[in-house]
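The values are calculated or read from the model by the stated rules, or taken from the named source; none is laboratory data. Note that the structure is a prediction, hence the values are computed from the model and not measured. Methodologically, a virtual Cβ is constructed for each residue, glycine included, from the backbone with ideal geometry; neighbour enumeration extends over all protein chains shown. In case anyone asks, the SASA skips ligands and DNA or RNA and just uses the protein heavy atoms, side chains included. Shrake-Rupley method; radii C 1.70, N 1.55, O 1.52, S 1.80 Å.
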Amino acid sequence: MTRPLCRFLVVCLFALSLTNDRPATAATRVELVLNELRAERSVPWPITTGVPFAQGSLTDAAQCRLVDDQGGEQPLQTKVAATWDAAKTSIRWLTIDFIAQPGRKYALEFGRDVQRASFPAAITVDAAGTTLRAGPLQAVFAATGPAALQSVQIDLNGNGAFDADEQIATGGREGDHVYLQPNKSRFESTRDGAERTIQVETLGPVRACVRVDGWYTGPNGERIIAYRTRYHFFAGLPLVKLIDEFKILGSTRDVQFADIALPLELNLSGDARSVTAGVGDDANAAQTVSLRTPDDSVSLIQETYRHYGNLECRASLRQEQSGEAKELQGGERAQPWMQVADGRAAVTGSLRRFWQQFPKEWSATGKSLTLHLWSPHVAPLDFGEAGLRDFFGPQGEKYLLGWKA
């Protein structure tokens, strides 16, 4: 982490005092409270949050800075989310991004005499807007081909370069956005053609965002669902945050979805491949399963969770090996993450509130990791009357569908 250039700050403040006749004002300090999920966190983590301001207290987002509990200024990215007036002269809400180092505390300082320091660019994008580098991670996007996400590389040996054997993942070979109908008709992003668009939406000192737009296209060119996926990258971190939109733009009459998937192909070259996942509230209950062949698979499924008065909760961890399937764990709530590793590298996927967004599923083999936005292990998603009644369940039928004034 770059340390503050104290001499530079002193010179700047001195210069301001010579060129500005108004008296200097003390900076206002807002302590930022980090609600740690794990008290023993040992890795840096990106933070995005909002800070409110009283009317007239902040007129320029550049007049605020981030400092840690050691007094050092740290990289900060800001975006005005709301203002008090139509002329946008007074900031009401400010969205901030920063990287929280383990064990550190942070505060936001603001005022008319506050100047934010400049830091070396930690995230870069090439002229074409398709290759992004964020410290130890490089991602390449493609406007053509089966998947928009062409490759993800990690500088495993720390030599500052991305070697051919450091490609860890690619988008799915048969599309990185796929859904299946009960009759096995496959709709996928491989048929995007020239209509796939890629654009760098945000590029700052802490976070960058690449937006990809395309279609789930059927075997005969049918299109009723579009996708919009935002890939977020963070300074110095081997991390990608993905926000996906499943945009229904056509009629879903008589259409069912047996599986909605975001597949990722893995390039793990080691022999000792394994998958780690678990069911239950205790993170230590996660189980590691060895994969004997590339086709062995492990699935973590949240089939249902209490909703509309229905109390049933059902989750399971399943393994399929040499054609034989068995349940390894069962319970009410699946943990939200799954990791595939080979001793040289590990790829971990996590979905916030995984169990509450049922039916969800993580599935993995030695060569892939897939998030199923609708699990293929439950009844198909059906927006018709029968499908809605099935989803509401017996209690929903009683208290919602059967309710009378």
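Computed quantities for the displayed model
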{"item": "Prolate/oblate/rounded call for the chain, Cα gyration tensor, a/c under 1.5 rounded", "result": "prolate"}
{"item": "Those lysines that a straight Cα-Cα span of less than 22 Å connects to Lys79, excepting residues fewer than 8 apart in one chain", "result": "Lys88, Lys105, Lys241"}
{"item": "Low-density loop cleavage sites - GluC sites (Glu not before Pro) in region 193-223, where at most 16 other Cβ are within 10 Å (DSSP)", "result": "Glu222"}
{"item": "Helix-only mean residue ellipticity at 222 nm for the chain, each DSSP H run of n ≥ 4 adding -39500 (n - 2.57), per residue, nearest 500", "result": "-2000 deg cm²/dmol"}
{"item": "Set of aspartates and glutamates near Lys184 by C-alpha distance (under 18 Å), chain-local residues within fewer than 8 positions excluded", "result": "Glu174, Asp176, Glu222, Asp254, Asp259, Asp382"}
{"item": "Gaussian network model of the chain, Cα within-10 Å springs - most flexible of Thr89, Thr348, Thr190", "result": "Thr89"}
{"item": "Net charge, Leu32 excluded, C-beta distance under 13 Å - Lys, Arg +1, Asp, Glu -1", "result": "-2"}
{"item": "Region 226-316 shape via C-alpha gyration tensor axes, a/c threshold 1.5", "result": "oblate"}
{"item": "Distance (nanometres) between label positions extended 7 Å along Cα→Cβ at Ala164 and Asp126", "result": "1.7"}
{"item": "Selected from Ala285, Ala87, Ala194 as most flexible by GNM, with the chain as the system and alpha-carbon contacts under 10 Å", "result": "Ala87"}
{"item": "From phi via Karplus (6.51, -1.76, 1.60), per-residue ³J(HN,Hα) for region 276-287 in Hz, x at Gly/Pro", "result": "10, 6, x, 10, x, 7, 8, 4, 6, 7, 4, 10"}
{"item": "Largest to smallest accessible area among Thr252, Thr144 [probe 1.4 Å]", "result": "Thr144, Thr252"}
{"item": "Sum of side-chain charges, Leu388 neighbourhood, beta-carbon under 12 Å (Lys, Arg +1; Asp, Glu -1)", "result": "-3"}
{"item": "Under 5 Å, built H, 5+ apart or other chain: amide partners of Gln335", "result": "Gly278, Val279, Gly280"}
{"item": "Cα long-axis angle, helix 385-396 against the chain (0 to 90 degrees, to the nearest 10)", "result": "80"}
{"item": "Highest-fluctuation residue, Gly171, Gly72, Gly218 considered, GNM on the chain with Cα pairs under 10 Å", "result": "Gly72"}
{"item": "Degrees separating the helix 6-19 axis from the principal Cα axis of the chain, which is the longest one", "result": "60"}
{"item": "The chain, accessible surface, carbon-and-sulfur percent (1.4 angstrom probe)", "result": "52"}
{"item": "Region 284-357 - accessible surface per residue (Å², probe 1.4 Å)", "result": "55"}
{"item": "Three-way shape call for region 304-368 based on the alpha-carbon gyration tensor, with the a/c threshold at 1.5", "result": "oblate"}
{"item": "Radius 13 Å from Cβ of Ala81, net charge of other residues (Lys, Arg +1; Asp, Glu -1)", "result": "+2"}
{"item": "Relative contact order of the chain, pairs being alpha-carbon contacts under 8 Å that are 6 or more residues apart, as %", "result": "11"}
{"item": "For Ala100, residues with placed amide H under 5 Å, excluding near neighbours", "result": "Trp45, Ile47"}
